[in-house]
Amino acid sequence: MTNKKGMFIVFEGIDGSGKETQMFELAKYIRGRNKYQDVIITHEPWKSEEIKRKLEEDKDAYSDGLKMAELYVADRANHSAEIRSRINQGYFVICDRYKMSTCAYQWTQGVGLDSLLKLHDHYPIRRPDLTFFIDVSPETAQFRRTARSTETEKFEQLKFQRELADNYHSLINRADCSELFGKVITINGAADIKSISSVIKEKFNPFYDEWFSGKLG
Ligand code: ADP
Ligand code: TYD
C-alpha cells in the first residue's frame, strides 16, 4: 500500500433515501478492489443514549431543536476523534450521516444555520473527504420507509421531510459547501439499487485512484 492514511466517506440524505443500502454496496466494492483495505462502517447518532431516548420519547418533529443540535454535535465530537484515529491507521471509514445532517435536520427544526455551523466550530471535527448525497423525493423515500416499517419516527412526517429536502438542497448549493462538508457528490436516488450503486462506484473510482497514487490522504 502506498498510503498510510485512509479515507473518510459520508452518506447523506433524507430518511429512507437509501443511504445504508448504498454504503454497504460501496464497502463491498472497496474490499473487492483491494482485499487488504480495511473498511469500517459507522453511523450517527453514534453513542449518545440521550439522543436515542429523546428520539423515542418526543415524536414532535419541531420540538427541542437547539438541545438536539447540542447533543448531536457533542456525540459527533467524540465520534470524530475515533474516526480520525482510524483514518490515521489507514482505515477507510464510511459513515451514515454527519455534520450535514445536523445542518439540515436541526435547521428544519428551526435552529439558525449560523448557530449550527458555529456549534461545530467548538470541536476539532474531521471534515469528510467525500460525501455522497442521495437525492430522492420525499414521497419516494416515504414509500421506501413504509415498506421497511409502519412506525413513524420523530422526523418522518412528509411536511418535515419536504422542508428537510429543500434545506439539503440549499446546503449543497452554497458556495462554501466543500469547505463545510468536504467534496459533495449528488446522486440521483430514484433508480433501482444496482443502478445507483454503479453510479456511486463510477464517481468514487477517480477518488480511489487519486488516493492510491498518494495524492489524497
Ligand atoms: P436510509 O439508510 O437512507 O434510511 P435504507 O438504505 O435503509 O435508507 O433504505 C430504505 C428502504 O428502502 C430499505 O428497505 C431498502 O431496502 C429500500 N431501498 C433502498 N434503496 C432503494 C432503491 N433504490 N429502490 C427501492 N428500494 C430501495
Ligand atoms: P436513527 O434511528 O439512528 O435513524 P436512521 O433512520 O438513520 O437509522 O435516528 C437518527 C435520526 O436522527 C434520523 O431521523 C436523522 C436524525 N439526525 C438529526 O436530526 N441530526 C443529526 O445530526 C443526525 C446525525 C441525525
> Quick check: is even one residue across region 158-175 touching a residue at least 12 places away in the same chain (Cβ under 8 Å), within 18 Å of the chain's Cα centre (by Cα), within 13 Å of ligand 1 (Cβ to nearest atom) and closer than 17 Å to residue 43 by Cβ?
Replying inline: no
> Can you name every residue in region 118-140 that is hydrophobic (A, V, I, L, M, F, W, C) and under 16 Å from the mean Cα position of the chain (by Cα)?
Replying inline: 125, 130, 132, 133, 134, 136
>> When you check residue 188 against the structure, is it at pLDDT 95 or above, within 12 Å of ligand 1 (Cβ to nearest atom) and surrounded by fewer than 18 Cβ atoms within 10 Å (Cβ to Cβ), yes or no?
In response: yes
> Are any of the residues in region 120-143 within 28 Å of residue 59 (Cβ to Cβ), open to solvent by 30 Å² or more (accessible area, probe 1.4 Å), hydroxyl-bearing (Ser, Thr, Tyr) and outside any helix (DSSP H, G or I)?
Replying inline: yes
> Name the residues in region 194-217 that are in a helix (DSSP H, G or I), in contact with an Asp or Glu (Cβ under 9 Å, 6 or more places away or on another chain) and surrounded by 12 or more Cβ atoms within 10 Å (Cβ to Cβ), would you?
Replying inline: 196, 197, 200, 201, 207, 211
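So that you can scan it fast, the table gives a plain yes or no per residue for (1) in a loop (DSSP other than H, G, I, E, B); (2) more than 10 Å from ligand 2 (Cβ to nearest atom); (3) open to solvent by less than 20 Å² (accessible area, probe 1.4 Å); (4) within 30 Å of residue 194 (Cα to Cα):
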site	(1), (2), (3), (4)
29	no, yes, no, yes
60	yes, yes, no, no
106	no, no, yes, no
118	no, yes, no, no
> If only one of 166, 135 is touching a strand residue (DSSP E or B) at 6+ places or on another chain (Cβ under 8 Å), more than 26 Å from residue 6 (Cβ to Cβ) and modelled with pLDDT of 95 or more, which one is it?
Replying inline: 135
> Right, residue 35: open to solvent by 90 Å² or more (accessible area, probe 1.4 Å), away from ligand 2 (no atom under 12 Å from the Cβ), free of Cβ contacts under 8 Å to residues at least 60 places away in the same chain and outside any helix (DSSP H, G or I) or not?
Replying inline: yes
> Among the listed residues 190, 165, which satisfies the condition of being assigned to a loop (DSSP other than H, G, I, E, B) and within 27 Å of residue 129 (Cβ to Cβ)?
Replying inline: 190
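Residue-by-condition table, conditions (1) within 16 Å of ligand 1 (Cβ to nearest atom); (2) touching a Leu at 6+ places or on another chain (Cβ under 9 Å); (3) in contact (Cβ under 8 Å) with a residue 24 or more places away in the chain:
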site: 40; (1), (2), (3): no, no, yes
site: 67; (1), (2), (3): no, no, no
site: 80; (1), (2), (3): no, no, yes
site: 84; (1), (2), (3): no, no, yes
site: 88; (1), (2), (3): no, no, yes
site: 115; (1), (2), (3): no, yes, yes
site: 136; (1), (2), (3): yes, no, yes
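The values are calculated or read from the model by the stated rules, or taken from the named source; none is laboratory data. Because the structure is predicted, anything quoted here is derived from the model rather than measured. Neighbour counts are summed over all protein chains in view; Cβ atoms, including those assigned to glycine, are modelled from backbone coordinates with ideal geometry. Remember, those area values only see protein heavy atoms, side chains included, never the ligands or the DNA or RNA. Shrake-Rupley method; radii C 1.70, N 1.55, O 1.52, S 1.80 Å.
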